[in-house]
Structure formats: structure tokens, C-alpha cells
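To keep things clear, I will list the structure first and then write my remarks on it.
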Amino acid sequence: EYAIDRFAMETKRQMDVLDKHLADNEYFAGDEYSIADMACYPWIVPHERQGQKLEDFPHLAAWFERITQRPATARAYARAEEFESAPAMDEAAKRVLFGQDAKTVR
């Protein structure tokens, strides 16, 4: 529980930093859309799973909406739906990675 709370608060802190920056800038690198926006957007997409509400960050929310509405963004995320999104690690792999100790390795 401690780790989850700690990282949720760190995510909030980082979103606060982004929100403050976007208060004076339309995009991360200034007035024009850039690679900085492309790089940041995927980190904000799972904000709900990160325990964050975009309405708590009005400038970040407005930026997020601008990027979401871009045709290229919509195409990229639609294309991603075509690929299987299986879990990165199944239960068997977790047992191998996390279930070993000095006795099982020998």
C-alpha cells in the first residue's frame, strides 16, 4: 500500500509540474506541437489507472484534449488496437522471475 500511495503522489506531483508549464504554453515546447508532445502524451493516457483525474489539472487536460483530437493521434491509437495486447508477463513467467530463491537456482 505504501508503494502505491507513494507513486500515486509522485505521479500527481509530476502532473502538477506539467500543468503549471502548460499554463503559459500551448504545447510543451512552446506554441507549436512537437516531438515533446508526442513523447509526453502516452504517459498521460493511462491517468485513470494512475489514480489521477485530469480535471484536477486544467491546463494539462486542455492540452490532452488538443492532442487527442489530432488526426494522427487517432490513427495511431486505432492502429494499436489491431495488435494483440496480451499481458507482458504471464503467470508462468512471473513464477520463474519472482519465485526463485537460492535453493531453486542451484
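Observations on the structure shown:
- Subset tally (residues that are closer than 22 Å to residue 7 by Cα and outside any loop (DSSP other than H, G, I, E, B)) for the stretch 60-93: 3
- Sub-7 Å Cβ pairs linking a first residue in the stretch 53-73 that is under 13 Å from residue 33 (Cβ atoms) to a second residue that is of a type in the set (S, T, N, Q), at least 6 apart or interchain, are 67/73, ordered by first then second residue.
- Pairs with Cβ under 7 Å, 6+ apart, first in the stretch 1-17 and within 12 Å of residue 51 (Cα to Cα), second modelled with pLDDT of 90 or more and assigned to a helix (DSSP H, G or I): 15/60
- Taken as a whole, the stretch 25-34 holds no residue that is of a type outside the set (Gly, Ala, Ser), assigned to a helix (DSSP H, G or I), out of contact with any His (no Cβ under 8 Å at 6 or more places or on another chain) and open to solvent by 80 Å² or more (accessible area, probe 1.4 Å).
- Residues of the stretch 1-20 that turn out to be open to solvent by less than 80 Å² (accessible area, probe 1.4 Å) and either among the polar types (S, T, N, Q) or in contact with a Ser or Thr (Cβ under 9 Å, 6 or more places away or on another chain) (or both), as a count: 1
- Within the stretch 28-39, residues that are free of Cβ contacts under 8 Å to residues at least 24 places away in the same chain and hydroxyl-bearing (Ser, Thr, Tyr) sit with their Cβ atoms under 9 Å from residues that are surrounded by 15 or more Cβ atoms within 10 Å (Cβ to Cβ) and outside any loop (DSSP other than H, G, I, E, B), at 6+ positions apart or across chains, in these pairs: 34/27.
- Within the stretch 43-57, the set of residues being in a helix (DSSP H, G or I) and exposed (fewer than 13 other Cβ atoms within 10 Å of the Cβ) comprises just one member, 55.
- Qualifying residue in the stretch 15-27 (condition: touching a Lys or Arg at 6+ places or on another chain (Cβ under 9 Å) and modelled with pLDDT of 95 or more): yes
The values are calculated or read from the model by the stated rules, or taken from the named source; none is laboratory data. Computed from a prediction, not measured in an experiment: that's the story for all the values here. Heads up, the Cβs are rebuilt from the backbone with ideal geometry, glycines too, and the neighbour counts pull from every protein chain shown. To get the accessible areas, we keep the full protein, side chains included, count just its heavy atoms, and leave off ligands, DNA and RNA. Shrake-Rupley method; radii C 1.70, N 1.55, O 1.52, S 1.80 Å.
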